[in-house]
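Remarks on the structure that follows.
The values are calculated or read from the model by the stated rules, or taken from the named source; none is laboratory data. These figures come from a predicted structure and were not determined experimentally. Positions of Cβ are backbone-derived with ideal geometry, glycine not excepted, and every protein chain shown enters the neighbour counts.
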């Protein structure tokens, strides 16, 4: 019997891309799939699921993620807006299960409010009693003052939605789901062996190639280094200059995704071997790359490894330090400690490119990622949670 699945997302591509194939597979199996979608994400989400549109404060926010005084209120604003949109769906057509991104607090809260099973998705490292991303890698910079004020505001919100008697403000961050889908292989997860049957690790769902206008340049540019700091930490002009100088100095080609804070003119005059774009067709680029130089977002790292591309990770926050440690331990890339010079980067690029043992490990890992059926595995894990 077909069911109704409601997905509570968070407006960040690293959290949305990894689930699209799974949502599409659920729809292919005949289930009704509704997915929260802010204005920036509705066109892409609408291709695979029914978009539940809303005005997200995160679409226009420009905040420093290390500043909890601004991040915490933004998280609560996002939760208020998304809870209202999702609750309308629940009242109109009650879902059989809510699938909720780990950062989409509204999904977990709606499950509690309406007694609906919740499946949590982890596009970032999962946490249990043995491992906590926040504690092990200090990925939050809470202060007593900021948390006291925040929990007061959360308490008021919980009272508004009728959950104050059963959910504490502290559970806004620290809550558990009985079923969890981790969107990457277990060996990538720190202390992965300690995660019990509540956690299902699946093959990552990798986006298809874009067949972009840049494809002709990319396919004729070898060896190629792809450079990106993602969508949040990309204001570092010096980082891009150093990477371009170091890689170009080797006689390699460079394709760099600069984001919306750095212009090609900021990087300076470059040779014909350098392609600078605000946004790269990332899968097209990685399919032709010999190395990727990145911040270490877990989704983008899995995309590189699925193409057999070694990753040089310059982490910007605690979560990405964890990714760098994990990938380095697996022998699939190396960590770059900033600051580094163009010459130092060039040496690392050469070492990685000439490492035959790493190349063999990358080939085996890529075959495993591409040989799996992440969308099917995702759909299977959701269907297990359907009420009898």
Discussion item. Exactly one of these conditions fails for residue 74: (1) closer than 24 Å to residue 260 by Cα; (2) modelled with pLDDT of 95 or more; (3) assigned to a helix (DSSP H, G or I). Give me its number.
Written reply: (2)
Practice prompt. Could you identify the single residue in 342, 346, 379 that is touching a residue at least 40 places away in the same chain (Cβ under 8 Å), outside the structural domain of residue 223 (by TED's automatic domain parsing) and buried (at least 16 other Cβ atoms within 10 Å of the Cβ)?
Written response: 379
Discussion item. Can you report the number of residues in the range 40-59 which are in contact with a strand residue (DSSP E or B) (Cβ under 6 Å, 6 or more places away or on another chain) and assigned to a strand (DSSP E or B)?
Written reply: 4
Item to complete: Kindly indicate whether any position in the range 21-34 is in contact with a strand residue (DSSP E or B) (Cβ under 8 Å, 6 or more places away or on another chain) and farther than 19 Å from residue 374 by Cα.
Response: yes
Worksheet item: Just wondering, is there one or more residues in the range 239-253 that are part of a strand (DSSP E or B), outside the structural domain of residue 11 (by TED's automatic domain parsing) and at pLDDT 95 or above?
Response: yes
Worksheet, complete the sentence: By my count, helices (runs of 4 or more DSSP H) wholly in the range 82-194 with at least 1 residues that are surrounded by 14 or more Cβ atoms within 10 Å (Cβ to Cβ) and touching a strand residue (DSSP E or B) at 6+ places or on another chain (Cβ under 9 Å) are 105-114
Response to the item:
Across the range 323-339, the tally of residues that are crowded, with 19+ Cβ neighbours inside 10 Å, assigned to a helix (DSSP H, G or I) and in contact with a strand residue (DSSP E or B) (Cβ under 9 Å, 6 or more places away or on another chain) stands at 3
Fill in: Options 208, 213; residue that is assigned to a loop (DSSP other than H, G, I, E, B), out of contact with any helix residue (DSSP H, G or I) (no Cβ under 9 Å at 6 or more places or on another chain) and either at pLDDT below 95 or surrounded by fewer than 21 Cβ atoms within 10 Å (Cβ to Cβ) (or both)
213
Worksheet entry | Residue list for the range 1-20, restricted to those being assigned to a loop (DSSP other than H, G, I, E, B), over 15 Å from the mean Cα position of the chain (by Cα) and crowded, with 17+ Cβ neighbours inside 10 Å | 3
Practice prompt. Those residues that are in a loop (DSSP other than H, G, I, E, B) and touching a strand residue (DSSP E or B) at 6+ places or on another chain (Cβ under 6 Å), I need them from the range 304-319; list them, please.
Written response: 309, 310
Worksheet item: Are any of the residues in the range 354-377 part of a loop (DSSP other than H, G, I, E, B) and over 18 Å from residue 204 (Cα atoms)?
Response: yes
Practice prompt. Specify the residue that is nearest to residue 288 (Cα to Cα); the eligible residues are those in the range 216-238 that are surrounded by fewer than 19 Cβ atoms within 10 Å (Cβ to Cβ) and more than 22 Å from the chain's Cα centre (by Cα).
Written response: 219
Fill in: Looking only at the range 195-205, and only at residues there that are touching a residue at least 40 places away in the same chain (Cβ under 8 Å) and assigned to a strand (DSSP E or B), the one that is farthest from residue 375 (Cα to Cα)
199
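Checking the condition under 20 Å from the mean Cα position of the chain (by Cα), modelled with pLDDT under 95 and closer than 23 Å to residue 299 by Cβ, which residue from 39, 126 passes? Spell out the reasoning first.
Values: 126 fails: modelled with pLDDT under 95.
One residue alone meets the criteria, 39.
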Practice prompt. Scan the range 256-301 for residues that are part of a helix (DSSP H, G or I) and over 21 Å from residue 211 (Cβ atoms) and report the count.
Written response: 6
Worksheet item: When you look at residue 197, is it surrounded by fewer than 17 Cβ atoms within 10 Å (Cβ to Cβ) and within 28 Å of residue 23 (Cα to Cα), yes or no?
Response: yes
Item to complete: Please enumerate the residues belonging to the range 21-39 that are surrounded by 20 or more Cβ atoms within 10 Å (Cβ to Cβ) and in a helix (DSSP H, G or I).
Response: 21, 22, 23, 25, 26
